[in-house]
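**Q** One structure, pasted below without further comment.
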Amino acid sequence: MPTAPLPGTSPPVRLATPMSSTSAPAAAPESTPTLELLAGGTVAFARILRRIDEARRSITVRSFEWRDDDTGQSVARALLRAAHRGVSVTILKDRLGGFYEHLAGAKQSFFHKDIDFSARWQLWGLMFFYGRWGSLRQLPSPLAEELSTHPRVRLVNEKRFDHAKLFVFDDQTIILGGMGIGDDFRDVNVDFMVEVIGADAVARLGDRYEGRARFDPGRSFDFLLHASEGNERTGESLAAQRLALIDSARERLTIAMAYLGDRDATEALCRAVARGVRVTLLTAARADVGGDLNLFSCARLLRRTGSPQNLRLILHPTMVHGKAIVGDAAWVDLGSTNFTRLSHDGYEELNLFSRDATFAREVEQAIEREIGALPPARLPLGYKVWRLGFEALITSFQTGRPKARRAAAR
C-alpha cells in the first residue's frame, strides 16, 4: 500500500485531483461531495428520517444493530411509508448484531425474534460474563412483519459479520458512521454520523465495495473499508491503511474511539506520542462490552509512553460509541471501525476518509465539546486481569468466524 502523504500536502477538498493509478478502471477527475457532520443521535436520526421521507427511487440500509424500540420503530415506519409510495428498499441486516439487541438497550430485536439453542447458549454466556440479564423472550412485532414482507422491500437477514452503519438514498446521498438503530444510539451515546451528498460519491462507494478501486489517500475523499468481496479482489488491509494515516500525523491526533484492544493500533499511538504529536483519545470510562480490554489498552498506552504532557487520555462517564480520527486538523477517518482486531481483521466495516480541513475542524471541535472539562486519566486503571482472557477469547472467536466463511467460499 502506498504510504499516506503528510496531512496538508494534498489539495483541499474543493479542488479536483486525479484518482490513484492503482484504481481500476481509470476515472474522470474527482468531484467534490458535500459533507455534513451529524454529531449526536438526535441530529443524526432526524436527518435519516427526513432523507427516508424525501427518497423517491431507492433506499439501501446496512445495519448491525436494530432495536425494537421507539427509534427502531420510527425508522421502520418511515421505510414502510417509502415502500408504499413506490420506493425500492433494500435492508442488509447482520444477524450477529442480534446478540447485542437481546442484551442491551430495550433488549428487544426488531428482526431477530427467534433465538435458537446455539444463540441461547452464546447469549447466556454473554449475560453471565457482563453481569447483565438480557431478554430471551422476544415480543412479536407486526411492524417488522409488515416491513419485511412488503413487495418493495428486500430484507437480507443473515449472519454476514457486517458492522457497517450505512444509508444510501436515491444513489445521491450517503449517511454513515458509528450509530446503530436504537434509543441508546439516538439518546445516550457519544457518537457521530456524516452525510455525504453527491452521485459520484455513491459511485465511488460502489466501486470500493466491489473491489473496482483501491483506497487512495491522496484523494480529497474516499472510503476506508473492510469488505470481503472488495478486499479479496484488491488485497488491501484496512488496518494497514489506518495505521499509515496515524503514522503520517506530525502535530496532533484527536480521536474518539468506542472499543480498543488491537495492539498494533496502541503501538501506533505510542509512536505518535514519542515523536511529539499531541494525542487526545476519548473513550468510555466503562465500555458496554469489552470494558476491561478497553481499560487495559488505555493503561498500556499510558505505561508505554510514560504519560507525557502531549498525551491526553479522557475516560467519559457516558458510553463513547463514536469512531473518529482527526489528524493535524487536516484529515478525518470517521465511520464504524474500532481499534480492535475484530474491526481490523474480522467484521466488514466502512469509514469515510476526507481531507476537507473545514470538516476536520468540525469533527475535532465536536470531540472537544464532549471532553469539556473532564480531567485526563491517570494510572492505575480499574480493569480485572481475569476478565481479559475471556474478552480476548470472544474477539478471537468472532474474528475467526468470518475468515472461515470467506475461506469456505473460495
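The values are calculated or read from the model by the stated rules, or taken from the named source; none is laboratory data. Treat the numbers as computed from the prediction; the structure is a model and nothing was measured. Reconstructed Cβ throughout: ideal geometry from the backbone, glycine too, with neighbour counts over all protein chains shown.
**Q** With the requirement that a residue be touching a helix residue (DSSP H, G or I) at 6+ places or on another chain (Cβ under 8 Å) and assigned to a strand (DSSP E or B), what does segment 254-270 give you?
**A** THR254, ILE255, ALA256
**Q** Taking the condition out of contact with any Ser or Thr (no Cβ under 9 Å at 6 or more places or on another chain), hydroxyl-bearing (Ser, Thr, Tyr) and farther than 23 Å from ALA357 by Cα, does SER237 pass?
**A** yes
**Q** Then there is this: Report, ordered by the first and then the second residue, all pairs with beta carbons closer than 8 Å, sequence separation of six or more or different chains, a first member in segment 242-258 that is within 23 Å of ALA284 (Cα to Cα), and a second member that is modelled with pLDDT under 95 and not aliphatic (A, V, I, L, M).
**A** ARG242/HIS344
**Q** Another question about this same structure. Could you tell me which numbered condition ALA240 fails, if it satisfies all but one of (1) buried (at least 21 other Cβ atoms within 10 Å of the Cβ); (2) out of contact with any strand residue (DSSP E or B) (no Cβ under 9 Å at 6 or more places or on another chain)?
**A** For ALA240, the exception is condition (1).
**Q** With (1) modelled with pLDDT under 95; (2) over 23 Å from the mean Cα position of the chain (by Cα) as the list, and GLY98 as the residue in question, which single condition is left unmet?
**A** Looking at each condition in turn, GLY98 falls short on (2).
**Q** If you don't mind, there's one more thing I want to ask. Scan segment 310-343 for residues that are over 23 Å from ALA360 (Cα atoms) and of a type outside the set (Ser, Thr, Tyr) and jot them down.
**A** PRO317, ARG341, LEU342
**Q** Assigned by TED's automatic domain parsing to the domain that holds ARG378, free of Cβ contacts under 8 Å to residues at least 40 places away in the same chain and closer than 22 Å to ILE181 by Cα: is that true of ARG286 in this structure?
**A** So ARG286 passes the test.
**Q** Among (1) in a loop (DSSP other than H, G, I, E, B); (2) free of Cβ contacts under 8 Å to residues at least 40 places away in the same chain; (3) not acidic (Asp, Glu), there is one condition LEU381 misses while meeting the rest; what is its number?
**A** It is condition (2) that LEU381 fails.
**Q** Can you find even one residue in segment 291-301 that is farther than 28 Å from GLY230 by Cα, of a type in the set (D, E, K, R), touching a helix residue (DSSP H, G or I) at 6+ places or on another chain (Cβ under 9 Å) and modelled with pLDDT under 95?
**A** There is at least one residue in segment 291-301 that is farther than 28 Å from GLY230 by Cα, of a type in the set (D, E, K, R), touching a helix residue (DSSP H, G or I) at 6+ places or on another chain (Cβ under 9 Å) and modelled with pLDDT under 95.
**Q** In the set ARG51, ARG81, ARG57, ARG85, which member is assigned by TED's automatic domain parsing to the domain that holds ALA144, buried (at least 17 other Cβ atoms within 10 Å of the Cβ) and of a type in the set (D, E, K, R)?
**A** Testing whether each residue is assigned by TED's automatic domain parsing to the domain that holds ALA144, buried (at least 17 other Cβ atoms within 10 Å of the Cβ) and of a type in the set (D, E, K, R) leaves just ARG51.
**Q** Next question. How about segment 259-271: which of its residues are of a type in the set (A, V, I, L, M, F, W, C) and without any contact (Cβ under 8 Å) to a residue 60 or more places away in the chain?
**A** ALA268, LEU269, CYS270 - these are the residues of segment 259-271 that are of a type in the set (A, V, I, L, M, F, W, C) and without any contact (Cβ under 8 Å) to a residue 60 or more places away in the chain.
**Q** Right, next: Considering segment 339-374 alone, what residues qualify as being of a type in the set (Asp, Glu), more than 15 Å from the chain's Cα centre (by Cα) and under 26 Å from ARG214 (Cβ atoms)?
**A** ASP356
**Q** Still on this structure: Of PHE339, PHE359, which residue is buried (at least 20 other Cβ atoms within 10 Å of the Cβ), part of a helix (DSSP H, G or I) and modelled with pLDDT of 95 or more?
**A** After ruling out the rest, the residue left standing is PHE359.
**Q** Do the conditions hold for ALA324, that is, is it in contact with a Leu (Cβ under 8 Å, 6 or more places away or on another chain), at negative phi, surrounded by 24 or more Cβ atoms within 10 Å (Cβ to Cβ) and among the small types (Gly, Ala, Ser)?
**A** The answer is yes for ALA324.
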